[in-house]
1. Mind checking which pairs have a first residue in the range 81-107 that is farther than 17 Å from residue 63 by Cα and of a type in the set (Ser, Thr, Tyr) and a second that is part of a helix (DSSP H, G or I) and open to solvent by less than 60 Å² (accessible area, probe 1.4 Å), Cβ under 7 Å, 6 or more apart or different chains?
2. Which pairs turn up if I take residues in the range 52-64 that are of a type in the set (A, V, I, L, M, F, W, C) and look for partners that are modelled with pLDDT under 85 with beta carbon separation below 7 Å, at least 6 apart in sequence or on another chain?
3. Only residues that are open to solvent by 60 Å² or more (accessible area, probe 1.4 Å), closer than 16 Å to residue 74 by Cα and modelled with pLDDT of 95 or more: list them for the range 100-119, please.
4. What's the number of the condition residue 30 fails, among (1) under 19 Å from residue 130 (Cβ atoms); (2) crowded, with 18+ Cβ neighbours inside 10 Å?
5. So, of the residues in the range 57-99 that are under 28 Å from residue 38 (Cα atoms) and open to solvent by 70 Å² or more (accessible area, probe 1.4 Å), which turns out to be modelled with the lowest pLDDT?
Amino acid sequence: MELVLKKFVQHFTESFSDSTDKFIEDNGRKLFLLYIRPLINGSGNYYIEARTRSMGRTDLIIDFQGKQYIVEMKIWHGEEYNARGEEQLLGYLKDYNLKKGYMLSFNFNKKKEVGVKELHFKDATIVEAVV
């Protein structure tokens, strides 16, 4: 999944780096689904806004070759909003008994730091991609 996020960041940045914040989260989800669909074709499935045991709604769950990946997507609205997104994803990971989750942030600031980084928390890891 890390490689998929790295390549998505690269391709998205090449094609949409001058986009504005009028871009909405649903558009990002559709673009990401268009990107991953051929990769999981026949070997997996995905679920949009699946409910967790604690009645939360995940943005995207991907089942691929016997593994499950939870992807949270956000539009960048600052560090505090981003931290709440990370907490939300950590909650989903706990609900699904997973140790690693993925966050895709669409950031339209001119001085953003594009790329993929790994964040380590007490019981989990988040791979966060910023485009």
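The values are calculated or read from the model by the stated rules, or taken from the named source; none is laboratory data. Quantities reported herein were computed from a predicted structural model and do not represent experimental measurements. Positions of Cβ are backbone-derived with ideal geometry, glycine not excepted, and every protein chain shown enters the neighbour counts. What goes into the accessible areas is simple: the full protein's heavy atoms, side chains included, and nothing from ligands, DNA or RNA. Shrake-Rupley method; radii C 1.70, N 1.55, O 1.52, S 1.80 Å.
1. Listed by first residue and then by second, the contacts come to 105/82.
2. Taking only residues 6 or more apart or on different chains, the pairs are 60/29; 61/50.
3. 117, the sole residue that qualifies.
4. The one condition residue 30 does not meet is (2).
5. Per the criteria, the residue is 57.
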